[in-house]
Each structure stands twice: as C-alpha cells, then as structure tokens.
Amino acid sequence: MDSQFSRMCLIGCGLIGGSLSLALQKTGAVARVIGYDANPEALRAARERGVINEAADRLEDALRHADLIVLAAPSPVVLDLLPLVQKNIHLAARDVLITDVCSTKSSVVDRAKQCGLHAQFLGGHPMAGSEKSGVYAADALLLENAVYVLTPESTQEVQVRVFSDVLKRAGCRVRFMDAVDHDRVVAAISHVPHLIASTLVSQVKDLADRHAAYAELAAGGFRDITRIASADPALWRDITLENRAEILPMLDDFIARVNALKALLSSSDKAHLHHFFDDARTFRDALPARSTGAIRAVFAMTVSVPDEPGMIGRIAMLLGNHHISIRNIGILESREEDLGQLLLQFDKIHFHDDALSVLQREGYQIIDRV
C-alpha cells in the first residue's frame, strides 16, 4: 500500500510527536520523516529511536517538500512557530497538511487563522500521555485506543478524511469537536483534576513535615489517586495558563461543590451523603475502562497472596515468563490472617488481560480493578 504522506516534517521530537511518528511509520502512512528540534540531543535521540529518518538543522530544510507538518511542541512554542511556518510554507508541497498535538486548541487554531494557514491547518489533540517525558519514552502503541480529537474547518473535508483514516489505522478513536468545546471539556476532565491532585499532594506534604505518618501511609491508595501530580511541572504550568479562561469557572464550580459537601458533613446528613457517594460511583463505574482519554490509563488488579518470603518475586517471574510487562507492583497494607494483597499495574490492557488469565490459571484469587 502506498503511503498517504511521502515526507512528514516533525517539529518537536518528544513523547507525543515521537509516538505519533512511530505509529504512522508502523502503519505505512508516512514514507519518510524529517525532524527539527531546537535541542540537538532530542534530534540525536529521535534518530536513534527511529522516530525520524533524518534531522534538519534549519526549519526551512525540514519544511522543504513536506506534505505533512506536525507541530509537536508545547502550545507557547507552537504559537511562535506558526508565523515561521507560514513564512516558509512555499517550500512545502502544494497540498501540505499542517497539524498540531497541543492539549489546548482555541489559541492554536486562532493563530493559524491569523497567519493565513486556515486552509492547511487541522487542529489535533491525541489524548494520551505518560508520566515519562522525552523521545526515549515514545511508543508506537501509546496512541492505541486513545481518543484523538480533531478540530476541522468546514473547508477541509478531503484533508480531514485522509488524516482521520490514517489515525484510525494507527488504532486511534477519532473524535471531531469545536475548538472551544474541546478546551472546556478538557478543563473539566484533565486540567482541573491535575490541579486538584497537586493540591492534595501539597496538603499532605505540609502535614508530613510535622508528622512522618502522613508520608508513610500515603504510599498506598493516596499515591494512586494522585498519580497525575507526577507529570512534568513546566508542561502543566503552560497548559493551565493557556486554558485558564475555561479552568477558572470550573474551579469556582468545584469550590462550590466542596463547600456543599462540607455542609453535608457538618449537618451529618446521612441520606444526602449516601446519594453523593452512590451517584459518583454509578457514573464512574459506567465510564469506559478499556480506552485512553485525557489522562493516561493505568490498568490494575489486586492479587490475594500468602504473606511469605519470595511471593512478589514468584509472581513477577511467572508474568515475565509469559512476556507480560508490569508497570508497578505495590503491597496494600490491609491484611486478614495470613493473606495479603498485591497491587499490579499495567500500561496496556492486553498485559492486564493476559496477567489475569495466567494468574487465575495458577490458582490466584484476583480482585479485578481495570
């Protein structure tokens, strides 16, 4: 099958851009990838990982003859890049498609229009990620089952069809949205949760300065529910500032809900507290567990195990012999008699499902927590 794009220009060789490049190369959608990055080390690593086929020292050289340009830098950098791309767009192919991977869309789409690139530009947001960063963490499978939002203009029917087909072949779940709607939704399901998680960690950090038990006991469930607070601080500084127009009203709403919850606790209102927890559980349990959304999924299970030496090693060896990659292993501090619970986390749903099958076949009791 012929490639849809003969020459892809990747501007910004990091986790997301690198993963997209690997995914498109894997499916044969692009024939050759030219990389450009202000960081020479990132370019060298991208060559080493196969993310790009060659590196360009100048933006002009990267753009030359490109029929797909991917802007895979942070939003503030992309806003500065778009005028430079427009200045040199004559070097690219006549039917070039320009897209980005920024997690906020309105400002980038508006800047593309201001630069006169509205006919070539297609806003994009692959809703996948990792606590790891950089091109060494790039993975062709990172986008598999991930929602990939596109924010097309009405004049881009052919380009949208071609690129969405390419993304679907790479395993993405393509979703079309208006840029403003996109920014409002991700404020609620991604940006505000990051702020809340970091606030919870900050609260416990301050308490731990006065009593070591806070840090010691936080190693279990608290670590799980605040996992996203481990993300790149510079990246999230830029994201939250970029989308603050949508985040601030969401924070006001959250504060109002916290105050309402505080009132329920103060009044010992059992009926409404029960409804609060039940309503949240019902909605949360109905959310799809086997797809990737704005926050990277982690697929987990707990295993009931005897409290005896070598048990963790035996389970790790068993799964390793079946080529199952474990992202994290933890011991849950809840024991009855001589049984303990081992928490296993996996990056991919197929690792989770394979581990479930292997462990059940070996007689282990599993508490499934996908």
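Do we have residue 80 as within 22 Å of residue 123 (Cβ to Cβ) and over 21 Å from the mean Cα position of the chain (by Cα) here?
Criteria met by residue 80.
Would you point out which residue out of 56, 66, 42, 29 is surrounded by 24 or more Cβ atoms within 10 Å (Cβ to Cβ) and outside the structural domain of residue 243 (by the TED database)?
66
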**Request:** Residues being farther than 17 Å from residue 11 by Cα and open to solvent by less than 20 Å² (accessible area, probe 1.4 Å): count how many of those fall in the range 116-139.
**Result:** 3
**Item:** Counted residues, the range 202-222 - those being within 17 Å of residue 330 (Cβ to Cβ) and open to solvent by less than 80 Å² (accessible area, probe 1.4 Å)
**Value:** 6
**Fill in**
Those helices (runs of 4 or more DSSP H) completely within the range 168-228 that have 3 or more residues that are within 30 Å of residue 109 (Cα to Cα) are 179-186, 192-208
**Asked** Is one or more of the residues making up the range 154-175 of a type in the set (Ser, Thr, Tyr) and touching a residue at least 24 places away in the same chain (Cβ under 8 Å)?
**Response** yes
**Item:** Single condition residue 274 does not satisfy, out of (1) touching a residue at least 12 places away in the same chain (Cβ under 8 Å); (2) loosely packed, with under 12 Cβ neighbours inside 10 Å; (3) not acidic (Asp, Glu)
**Value:** (1)
**Message:** Residue under question is residue 106, and the condition is that it be surrounded by fewer than 22 Cβ atoms within 10 Å (Cβ to Cβ), modelled with pLDDT under 95 and either of a type in the set (S, T, N, Q) or touching a His at 6+ places or on another chain (Cβ under 7 Å) (or both); does it hold?
**Reply:** no
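Okay, residues lined up against (1) loosely packed, with under 13 Cβ neighbours inside 10 Å; (2) at pLDDT 95 or above; (3) over 29 Å from residue 328 (Cβ atoms); (4) of a type outside the set (A, V, I, L, M):
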{"residue": "224", "(1), (2), (3), (4)": "no, no, no, yes"}
{"residue": "229", "(1), (2), (3), (4)": "no, no, no, no"}
{"residue": "243", "(1), (2), (3), (4)": "no, yes, yes, yes"}
{"residue": "254", "(1), (2), (3), (4)": "no, yes, no, yes"}
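The values are calculated or read from the model by the stated rules, or taken from the named source; none is laboratory data. Worth saying up front: this structure is predicted, and the values here are computed from it rather than measured. Note that each Cβ is placed from the backbone with ideal geometry, even for glycine, and that neighbours are counted across all protein chains shown. Only protein heavy atoms, including side chains, enter the accessible area calculation; ligands, DNA and RNA are left aside. Shrake-Rupley method; radii C 1.70, N 1.55, O 1.52, S 1.80 Å.
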